[in-house]
1. Using helices alone, what [θ] at 222 nm do you get for the chain, with -39,500 (n - 2.57) per DSSP H run of 4 or more residues, divided over all residues and rounded to the nearest 500?
2. Distance from the Cα centre of the range 78-146 to that of the range 23-56, in angstrom?
3. For Ala47 and Thr119, calculate 0.36 nm times their separation in residues minus their Cα-Cα distance, and state this gained length in nm to one decimal.
4. If I stretch the segment between Thr69 and Ser27 completely, what's the gain in nm (0.36 nm per residue apart, minus their alpha carbon distance), one decimal?
5. Please give the contour-minus-distance gain from Ala93 to His109: 0.36 nm per residue of separation, less the Cα-Cα distance, rounded to one decimal in nm.
6. At q = 0.17 Å⁻¹, what is the base-10 log of I(q)/I(0) for the chain according to the Debye formula with one equal point scatterer per Cα and no solvent? Please give it to two decimals.
7. Starting from the Cα coordinates of the range 24-84, work out the convex hull volume and express it per residue in Å³.
8. List the relative contact order of the range 72-146 as a percent without decimals, with contacts defined as Cα pairs under 8 Å and 6+ residues apart.
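The values are calculated or read from the model by the stated rules, or taken from the named source; none is laboratory data. Note that the structure is predicted; figures quoted are calculated from it, not measured. Keep in mind that these areas ignore ligands, DNA and RNA; they rest on the heavy atoms of the full protein, side chains included. Shrake-Rupley method; radii C 1.70, N 1.55, O 1.52, S 1.80 Å.
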Amino acid sequence: MSHWLAGQRITAAKLAVETAQSEDTTSRTTTSGSYANASTGGAFSAAVVVPASGTVFVSLRSTQRNSSTTNTITSWNAVGSTTGTVYTANDNAALIVTGTANAPVDLTHRLTGLIPGETLTVTMVHKVSGGTATMDYRNICLAGSA
């Protein structure tokens with residue numbers, strides 16, 4: 001929801017909302033015990049220009065599994081072109097699948113307090129608690145909030 005003040009001029013620039021989406025449909029793997037890019041395929045990211053509100057919604061989706069009964073864990077990092085790191089991968093904002101069955105999982109997170117006009121790059125990162133993780137589908141969708 002936008003917060004407009006009485007008498008404030010509404011311009012096209014204030015209403016402009018940037019969006020970006022990246023999709024990867026190739027199976028990627030990792031055996032890393034700490035957050036890192038997939039071992040196959042490298043970095044997977046999307047970038048958007050932060051709108052005047054300083055708010056961007058980050059939506060992640062992954063279809064993933066593990067070679068054993070352990071966890072495949074996907075999280076994300078966000079870096080602003082002006083501010084540097086604004087969000088670091090962590091288990092509290094992660095997509096976690098336990099076991100060998102392929103499962104689709106998703107999350108949406110609202111980032112606020114960003115610098116309007118800077119470019120925000122979100123990169124999906126993965127780790128395992130054991131075994132080999134396979135991500136068959138990955139998607140990042142970024143949407144600025146007016």
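1. Values: 1 runs with 4 residues, N = 146.
So the helix-based figure for the chain works out to -500 deg cm²/dmol.
2. The distance from the Cα centre of the range 78-146 to that of the range 23-56 comes to 6 Å.
3. On the way: separation 72, 0.36 × 72 = 25.92 nm, distance 0.65 nm.
Computed gain between Ala47 and Thr119 is 25.3 nm.
4. Values: separation 42, 0.36 × 42 = 15.12 nm, distance 1.92 nm.
Gain on extension, Thr69 to Ser27, equals 13.2 nm.
5. Working: separation 16, 0.36 × 16 = 5.76 nm, distance 0.82 nm.
Length difference between fully extended and current span is 4.9 nm.
6. Debye curve over Cα of the chain, log10 I(q)/I(0) at q = 0.17 Å⁻¹: -0.86.
7. Working: hull volume 6.9 nm³, N = 61.
Convex hull volume per residue, Cα atoms: 113 Å³.
8. Numbers: 93 pairs, mean separation 30.4, N = 75.
Computed value for the range 72-146: 41 percent relative contact order.
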